[in-house]
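Peer 1: Dropping a structure here in structure tokens format, bear with me for questions.
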Amino acid sequence: MLKVFLAEDEYVVREGIKNNIDWAAHGYEFCGEASDGELAFPMIQRLKPDIVITDIKMPFMDGLELSRMIKKEFPWIEIVILSGYAEFDYAKEAISIGVAHYLTKPISGDELLKEIDELSGKIEEKKQELKLKEKYIQEMAENYDEDRRKLFQHMVLGDMSVAELNELAKGLEMDIMAGCYNIILMQLLSSHHSEAEYSGSVVALYEQTEELALKSDAVVFDRNLEGKAILLKADTLEELDVIQEDLIDKIKGLLGDYVHVSYYGGVGTPVGRLTEIPRAYETAAHAYAHRYFTDRSEFKHYSELERIDNAPDEEFSISSVDPREIDRNRVTEFLRKGGQGETEFFLEEFFGNIGESALKSNIFRQYLAMDVYFAVGAFLESLGHDRSEVETFNPAGGDIDDIDSTVTYLTDIIDRAIDIRDSSASNKYNAVIEEVKSYIDANYGDEELSLNKLASHVNFSPNHLSMIFSAQTGMTFIRYLTDLRMNKAMELLRCTSKRSVDISAEVGYKDPHYFSYLFKKTVGMTPTQYRTDAEGHADTH
């Protein structure tokens with residue numbers, strides 16, 4: 001039931017409008033009245049009517065001023081102005097404000113009701129459209145997250161111009177323009193053993209972390225199992241440094257209260273241009289790779305890392321090597337969790353901890369290469385593969401004659417092992433995804449079909465299934481389901497005489513209005529237009 005409010009200074013007119021129309025019988029609620037605009041506005045703020053009827057001439061605040069204030073704060077409220085003046089200037093000003101109708105007095109109750117009924121139809125259409133839009137946004141949230149991840153990829157790869165990046169960001173309602181930038185890569189880990197406990201605590205803390213970042217005008221990007229990336233922005237480097245350290249302190253304060261959660265963050269080097277973000281990401285990734293060499297929860301700045309090229313030139317002594325720094329378990333941990341893009345940073349950190357003088361020893365380099373080779377071999381065997389799959393050359397045969405060739409060799413075998421790992425994981429999930437697709441094909445007409453329902457069917461968590469589905473198919477679950485439903489709908493529109501409302505239900509949409517809205521969003525025309533267009537093409541052949 002739509003709510004109607006009346007602002008009118010003449011008591012007799014006000015009473016007549018209020019009492020001579022049976023508002024409830026016509027589907028309206030007469031929610032309030034006031035004798036002038038000044039009294040009316042706070043009541044309108046509280047009552048939030050759908051329609052306001054106001055006289056144009058009132059003491060203290062007239063109808064035009066009241067209309068301006070209403071439209072500024074509540075643009076969706078429709079306004080009807082009543083006036084004893086037929087002057088064009090009044091009507092012109094009312095139209096410029098956004099008033100729906102300008103009616104001259106005297107006006108009968110039937111005439112006023114007719115205008116209100118016309119307005120109510122427009123209001124209901126707007127409400128329905130808003131409802132459909134909100135439902136669409138909610139359903140497409142998975143696509144939105146995927147599009148954000150793609151934007152972040154383009155930013156850190158540097159394969160798009162500033163204009164292209166800005167256009168993508170605007171489409172996602174994001175502001176990425178600033179004077180300078182930096183990136184923090186972070187990950188949370190929970191000691192809870194069950195997946196429900198693990199994901200529940202970690203997801204909640206990620207959400208709270210994101211809220212802290214948003215308050216600092218930062219942009220947070222999801223990196224699936226790799227955690228989150230925080231893009232910091234500011235006008236100056238000085239301001240950026242303050243924002244960065246303040247945010248890090250707040251995140252530490254938040255996470256410090258949860259003893260079952262550990263965290264690690266890699267902080268990059270600030271840059272002064274959007275096109276330099278790849279440098280900020282590279283340095284953040286380098287600092288992030290340090291997580292394999294510490295058990296502490298911390299944020300590591302790239303500037304704090306000790307790099308090989310800055311190490312002093314000294315003679316090698318085996319006593320100077322800390323055996324804990326060449327722990328094979330660190331290599332195994334990286335093989336389990338690392339990505340190819342991180343291998344270079346991992347090895348540089350690995351070597352940096354050992355020391356350049358040790359790497360200058362040919363015997364020690366051979367020992368190190370063999371140790372990593374055995375770690376890689378054991379890892380591959382744990383996956384059911386043979387270590388010969390990474391044997392590019394023999395590390396003990398004299399091919400490792402300097403630091404560069406050692407790095408090349410180790411990078412090659414580790415990247416090959418990660419390739420095999422990822423391929424094995426992909427093959428492992430092929431059967432799951434095929435089962436998911438079969439389930440979707442058989443149940444796309446079920447309006448209750450959702451990612452949660454699918455995840456329960458294959459015994460996965462929704463987040464995990466979403467990540468796997470996107471990786472295996474190249475699209476999100478909701479995009480796959482929507483495309484399937486729309487293709488089925490187009491086939492039914494082309495090949496049958498079924499009504500649009502029946503097709504809507506058949507492809508999984510009980511609400512035919514939402515089906516039409518989604519069809520137009522996806523196909524570019526309404527179902528009726530599509531059918532007419534298809535029939536037109538058929539007639540020409």
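The values are calculated or read from the model by the stated rules, or taken from the named source; none is laboratory data. This is a predicted model, so every value here is computed, not measured. Here the Cβ is made from the backbone with ideal geometry for all residues, glycine too, and neighbour counts use every protein chain on show. Areas reflect the complete protein model, heavy atoms only, side chains present, ligands, DNA and RNA absent. Shrake-Rupley method; radii C 1.70, N 1.55, O 1.52, S 1.80 Å.
Peer 1: What number comes out for accessible area per residue over the chain if the probe is 1.4 Å? Units Å², please. Spell out each step's value before the answer.
Peer 2: Details: 27670 Å² over 541 residues.
In whole numbers, the chain has 51 Å² accessible per residue.
Peer 1: Here's a follow-up. Could you compute how much accessible surface residue 101 exposes when probed at 1.4 Å, giving the result in Å² to the nearest 10?
Peer 2: Counting only protein heavy atoms, residue 101 exposes about 30 Å² to solvent.
Peer 1: In the neighborhood of residue 525, defined by Cβ-to-Cβ distances under 15 Å, what is the net charge if each Lys or Arg adds +1 and each Asp or Glu adds -1? Write down the numbers at each step before the final one.
Peer 2: Details: positive: 494, 520, 521, 531; negative: 533, 535.
Summing Lys and Arg as +1 and Asp and Glu as -1 gives +2.
Peer 1: Taking Cα atoms, how many degrees apart are the long axis of helix 141-157 and the longest axis of the chain, rounded to 10 and kept between 0 and 90?
Peer 2: 50 degrees
Peer 1: Need one value: the accessible area of residue 127 in square angstrom, 1.4 angstrom probe, rounded to the nearest 10.
Peer 2: About 100 Å², ignoring ligands and nucleic acids.
Peer 1: Then there's this: Would you mind checking 135/250; 215/520; 135/437 for any pair whose Cα atoms are more than 30 angstrom apart?
Peer 2: Checking Cα-Cα distances, 135/250; 215/520 exceed 30 Å.
Peer 1: By per-residue mean of other Cβ atoms within 10 Å, what is the highest-first order of 210-216, 176-182? Don't jump to the answer; show the numbers that get you there.
Peer 2: Details: 210-216: 15.1, 176-182: 19.4.
For the peptides 210-216, 176-182, the packing ranking is 176-182, 210-216.
Peer 1: Find the percent of Cα-Cα distances in segment 17-97 that exceed 19 Å, and round it to a whole number.
Peer 2: Details: 1185 of 3240 pairs.
Distances greater than 19 Å cover 37 percent of the Cα pairs.
Peer 1: Could you work out the equivalent-ellipsoid semi-axes for the chain, taking the square root of 5 times each eigenvalue of the Cα gyration tensor, largest first, in whole Å?
Peer 2: On the way: eigenvalues 792, 199, 75 Å².
So the equivalent ellipsoid measures 63, 32, 19 Å along its semi-axes.
Peer 1: Right, next: So what does residue 337 come to for accessible area, using a 1.4 Å probe and Å² rounded to 10?
Peer 2: 90 Å²
Peer 1: Just the Cα atoms of segment 1-50: what Rg and Dmax do they give in Å?
Peer 2: 10.8, 30
Peer 1: What FRET efficiency comes out for the pair residue 38/residue 125, r = Cβ-Cβ distance, R0 = 41 Å, nearest 0.05?
Peer 2: On the way: r = 33 Å, r/R0 = 0.79.
It comes to 0.80.
Peer 1: Rank 470, 161 by accessible area, highest first, at a 1.4 Å probe radius? Display every interim value, and only then the final one.
Peer 2: Numbers: 470 20, 161 55 Å².
In descending accessible area the options line up as 161, 470.
Peer 1: Tell me which GluC sites (Glu not before Pro) from segment 416-473 have a DSSP coil assignment and no more than 16 other beta carbons within 10 Å of their own. Could you put the intermediate results ahead of the total?
Peer 2: Working: sites: 434, 435, 447, 448; in loops: 447, 448.
Answer by residue number: 447, 448.
Peer 1: Hey, for a label at residue 487 modelled as a point 7 Å past Cα toward Cβ, could you say which residues of segment 408-445 have their backbone N under 20 Å away?
Peer 2: So the set is 430-445.
Peer 1: Then there is this: Counting only protein chains, not ligands or nucleic acids, how are 162, 432, 267 ordered by accessible area (probe 1.4 Å), most first? Can you show the working numbers first?
Peer 2: On the way: 162 55, 432 30, 267 0 Å².
The ordering from most to least exposed comes out as 162, 432, 267.
Peer 1: By the gyration tensor of its Cα atoms, with a ≥ b ≥ c the square roots of the eigenvalues, what is the shape of segment 177-270: rounded for a/c under 1.5, prolate for a/b over b/c, or oblate? Kindly include the intermediate steps, with their values, before the conclusion.
Peer 2: On the way: a/c = 2.51, a/b = 2.09, b/c = 1.20.
Prolate is the answer for segment 177-270, as a/c is 1.5 or above and a/b outweighs b/c.
Peer 1: For residue 414, what is the net charge nearby, where nearby means another residue's Cβ is under 11 Å from its Cβ and Lys, Arg count +1, Asp, Glu -1?
Peer 2: -3
Peer 1: So, R0 is 35 Å and r is the distance between the beta-carbons of residue 19 and residue 71; what FRET efficiency does that work out to, to 0.05? Kindly include the intermediate steps, with their values, before the conclusion.
Peer 2: Details: r = 28 Å, r/R0 = 0.81.
My answer for the efficiency is 0.80.
Peer 1: Here's another thing I want to ask about it. Where does the charge balance sit around residue 453 when Lys and Arg score +1, Asp and Glu -1, over other residues with C-beta under 12 Å from its C-beta? Let's see the in-between values first.
Peer 2: Details: positive: none; negative: 446, 447, 448.
Its environment carries a net charge of -3.
Peer 1: Which angle between 0 and 90 degrees, to the nearest 10, do you get for helix 477-495 versus the longest principal axis of the chain when only C-alpha atoms count?
Peer 2: On a 0 to 90 degree scale, this one is about 50.
Peer 1: Using a 1.4 Å probe over the heavy atoms of the protein chains, calculate the carbon and sulfur portion of the accessible area of the chain as a whole percent.
Peer 2: Working: 13770 of 27670 Å².
Heavy-atom surface of the chain belonging to carbon and sulfur, 1.4 Å probe: 50 percent.
Peer 1: A further question on this structure: For helix 362-382, what angle does its Cα long axis make with the longest principal axis of the chain, in degrees from 0 to 90 and rounded to 10?
Peer 2: So the inclination is approximately 50 degrees.
Peer 1: According to a simple spin-label model (label point 7 Å from Cα along Cα-to-Cβ), what is the distance in nm between residue 442 and residue 295?
Peer 2: Output for this residue pair reads 4.8 nm.
Peer 1: Would you mind getting me the FRET efficiency between residue 259 and residue 214? Use the beta-carbon distance for r and R0 = 45 Å, nearest 0.05. Kindly include the intermediate steps, with their values, before the conclusion.
Peer 2: Numbers: r = 26 Å, r/R0 = 0.58.
That gives a FRET efficiency of 0.95.
Peer 1: Among bridges DSSP assigns within the chain, what percent are antiparallel (round to 5)?
Peer 2: On the way: 19 of 42 bridges.
Antiparallel bridges make up about 45 percent of those DSSP assigns within the chain.
Peer 1: Considering only Cα-Cα distances, which of the following residue pairs are longer than 31 Å: 453/521; 18/126; 228/453; 170/428; 127/228? Intermediate results must be reported in sequence, preceding the final value.
Peer 2: Numbers: 453/521 25 Å; 18/126 26 Å; 228/453 26 Å; 170/428 38 Å; 127/228 36 Å.
As for pairs spanning more than 31 Å Cα to Cα, those are 170/428; 127/228.
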